[in-house]
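The values are calculated or read from the model by the stated rules, or taken from the named source; none is laboratory data. Treat the numbers as computed from the prediction; the structure is a model and nothing was measured. Quick reminder, even Gly has a Cβ in these numbers, built from the backbone with ideal geometry, and neighbours come from all protein chains shown. The accessibility values were calculated without ligands, DNA or RNA, using every heavy atom of the protein model including side chains. Shrake-Rupley method; radii C 1.70, N 1.55, O 1.52, S 1.80 Å.
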Amino acid sequence: MIHKRRDKPIGLRMLELLSKRMSIDSKTMQQYVSLKKGYEGELFFDTFINELKEECIILNDLLLEVNHTVFQIDSLLITQEKIQLYEVKNFGGDFYYEEDKLFTRNQREIVNPLHQVGRSNSLFSQLLIKLQIKMPIEAFVVFVNPDFTLYQAPIGKPIIFPGQLKRHMSNLSNTHSRLTNYHKNIAEQLVERHIAEPLYPHVPHYDHQLLRKGMTCQKCDSFSITVERK
């Protein structure tokens, strides 16, 4: 059961609209592509988690705060026995893992998602204590892109690779889960504490008068459309 749906991020929506109607610089375009790719990865992950057969509650895109620290959870799953957190990554290409760091093939270090999910796990645990909720927590990094390869992948880390995703969800579907009002109350409390998404801070400056006007094609965004009858 989806208790909190996934909405397209405000920043992505704004950049999506502006990119059709004005020229944006390469840095902003890179941010736009990154946001779009991340959102597409989350939607792809949703196609798996939404098919779970056993009783569960799904909360998407939670923005929470505890002890004056804000953190985000891409997907949260409440089952009978535990709460599972998922940090979804849509990385494509070749990467390698070395000394607890993640690098691209050309040796550029990127933020290690294991650190991100570890931070979310710690902060979420503090939040549950504050809410007097006693439920075990599991947290995973999920790589959803079939084109992703991680060399020297560490063993024993909470990582779900593209080839393991279907099996992970199948195991969840085969695990008995029956929810009570206690679980539903947890979901309600988390949704109540969700922080409304702030305006995206990296939107480029624009002049409304200079934006290209008109309707665009829903599929390809082209302005070259013809209206016939309806």
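Side notes on the structure shown:
- Matching residues, region 105-131, being of a type in the set (S, T, N, Q) and at pLDDT 95 or above: Asn112, Gln116, Ser120, Asn121, Ser122, Ser125, Gln126
- Tabulated pairs, region 179-196, first of a type in the set (Lys, Arg), second in a helix (DSSP H, G or I), C-beta under 8 angstrom, 6+ apart or interchain: Arg193/Leu127
- Search result, residues across region 20-54 that are in contact with a helix residue (DSSP H, G or I) (Cβ under 8 Å, 6 or more places away or on another chain), among the charged types (D, E, K, R) and farther than 18 Å from Lys8 by Cβ: Glu51, Lys53, Glu54
- Beta carbons closer than 7 Å, at least 6 apart along the sequence or on distinct chains, pair a first residue in region 214-230 that is farther than 16 Å from Ser19 by Cβ with a second that is surrounded by fewer than 10 Cβ atoms within 10 Å (Cβ to Cβ) for Ile225/Met215.
- Qualifying residue in region 48-61 (condition: surrounded by fewer than 19 Cβ atoms within 10 Å (Cβ to Cβ) and in a strand (DSSP E or B)): no
- Any hit, region 214-228, residues being closer than 21 Å to Ile2 by Cα, in a loop (DSSP other than H, G, I, E, B) and either charged (D, E, K, R) or open to solvent by 40 Å² or more (accessible area, probe 1.4 Å) (or both): no
- Some residue of region 178-195 being closer than 30 Å to Gln30 by Cα and either in a loop (DSSP other than H, G, I, E, B) or of a type outside the set (Lys, Arg) (or both): yes
- Flag for Asn106 being assigned to a loop (DSSP other than H, G, I, E, B), open to solvent by 20 Å² or more (accessible area, probe 1.4 Å) and within 14 Å of Lys89 (Cβ to Cβ): no
- For region 137-153, the criterion of being modelled with pLDDT of 95 or more, under 18 Å from the mean Cα position of the chain (by Cα) and farther than 21 Å from Asn112 by Cβ is met by at least one residue.
- The residues of region 1-46 that are within 16 Å of Tyr86 (Cβ to Cβ) and modelled with pLDDT of 95 or more, listed by number, are Gly38, Tyr39, Glu40, Gly41, Glu42, Leu43, Phe44, Phe45, Asp46.
- Residue identified as out of contact with any strand residue (DSSP E or B) (no Cβ under 8 Å at 6 or more places or on another chain) and either open to solvent by less than 70 Å² (accessible area, probe 1.4 Å) or farther than 27 Å from Ser19 by Cα (or both) among Val191, Val203, Val144: Val203
- Cβ pairs under 9 Å, 6+ apart, first in region 72-90 and small (Gly, Ala, Ser), second open to solvent by 10 Å² or more (accessible area, probe 1.4 Å) and not in a strand (DSSP E or B): Ser75/Arg6; Ser75/Glu42; Ser75/Asp46
- Looking only at region 128-162, residues that are under 20 Å from Phe95 (Cβ atoms), in contact (Cβ under 8 Å) with a residue 12 or more places away in the chain and either in a helix (DSSP H, G or I) or β-branched (Val, Ile, Thr) (or both) come to 7 in all.
- Residue in region 33-46 that is in a strand (DSSP E or B), closer than 24 Å to His194 by Cα and out of contact with any Gly (no Cβ under 8 Å at 6 or more places or on another chain) present: no
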